[in-house]
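Novice: Structure in structure tokens, see below.
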Amino acid sequence: MQEAGLPITTAWLPLGAACFWTVITVPQNWRDLLPGMDTARFVHRIGEVLNGTRAGRLSPVVHVLDDDVDPSNDSDLLWALATRVHPSLRQEQWHGPIMPWYPCFLEEELHNGWGAVVVHDALLPAVGSGRVPPATFDGVFPADVRAKVLAAESESAGDTGSTASR
């Protein structure tokens, strides 16, 4: 994909999904690297490249995520998929050859060796265009609230000035 000019940071097949999924992460600045390209066109291009290769059709489900998620960490990955994949929108199917050992396909598809691969666009909106802050202590609470919480935590732990962990 990088040879095709696509800014990809990781392509990962999670073992927990029996390699039925391919997770592709892209740098959060991909819009700067591909000016004028929106998420639908970008993910479509990823699908085109994948569909044009045997290895690209290895998994019947592809998820494209920002690289703020570590796809090798199953907890992070499940959280990202649960919160970023729309149940019916922002996906595209590519029909072509399939691997004959995947039980998710119909018997007819397996017999014919032909079926769909779905590519899910799970990319975040651009910064300033509706991107929700991360649901973390730093991302959700304003600085003054964080300072009060950390001070109270430090006081209750008997700390004398060490930085409290989050």
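Novice: May I ask you to order 29-35, 84-90 by the average number of other C-beta atoms within 10 Å around their residues, highest value first?
Specialist: Put in order of decreasing packing, that is 29-35, 84-90.
Novice: Averaging sequence separations of C-alpha pairs under 8 Å and six or more residues apart, then dividing by the length of the chain, give the relative contact order as a whole percent.
Specialist: 20
Novice: Which length gain, in nm to one decimal place, applies between E3 and T53 when the Cα-Cα distance is subtracted from 0.36 nm times their residue separation?
Specialist: This chain segment gains 16.7 nm when fully extended.
Novice: Taking the Cα atoms only, what angle lies between the long axis of helix 74-84 and the longest principal axis of the chain, rounded to 10 degrees?
Specialist: Helix 74-84 sits roughly 80 degrees off the main axis of the chain.
Novice: Taking neighbour Cβ counts within 10 Å as the exposure measure, how do D66, D74 sort from fewest upward?
Specialist: Fewest to most other Cβ atoms nearby, the residues stand as D74, D66.
Novice: Helix 39-51 against the longest principal axis of the chain: what's the angle in degrees, Cα atoms only, rounded to the nearest 10?
Specialist: The answer is roughly 50 degrees.
Novice: Given the convex hull of the Cα atoms of the chain, what is a quarter of its surface area in nm²?
Specialist: Convex hull of Cα atoms, orientation-averaged projection: 12.7 nm².
Novice: For the charge dipole of the chain, defined by +1 on Lys and Arg C-beta atoms and -1 on Asp and Glu C-beta atoms about the Cα centroid, which residue among A82, S156, V119 has the Cα displaced farthest towards the positive pole?
Specialist: V119
Novice: Mind sorting E153, E108 by how few other Cβ atoms lie within 10 Å of their own Cβ, fewest first?
Specialist: E108, E153
Novice: Rounded to the nearest 20 debye, what is the charge dipole size of the chain about its Cα centre when +1 sits on each Lys and Arg Cβ and -1 on each Asp and Glu Cβ?
Specialist: 300
Novice: Let me ask something else about it. Quick one: Cα centre-to-centre distance for the range 1-28 and the range 67-133, in angstrom?
Specialist: 11
Novice: Taking 0.36 nm per intervening residue step and subtracting the Cα-Cα distance, what contour gain separates W114 from Q28 on full extension?
Specialist: 27.5 nm
Novice: Taking only the alpha carbons of the range 83-128, what extent do you get along each of the three principal axes, in Å, biggest first?
Specialist: Rounded to whole Å, the extents work out to 48, 17, 15 Å.
Novice: Could I ask something else about it? Over the chain, with a Gaussian network built from C-alpha contacts below 10 Å, which listed residue (V23, V43, V149) shows the highest mean-square fluctuation?
Specialist: Among V23, V43, V149, the largest mean-square fluctuation in the Gaussian network model of the chain belongs to V149.
Quick note: the coordinates plus some simple rules give every number you see, no bench work behind them. Predicted model, so just to flag it, every value in this text is computed and none were measured. No Cβ is skipped: glycine too gets one built from the backbone with ideal geometry, and neighbour counts run over all protein chains shown.
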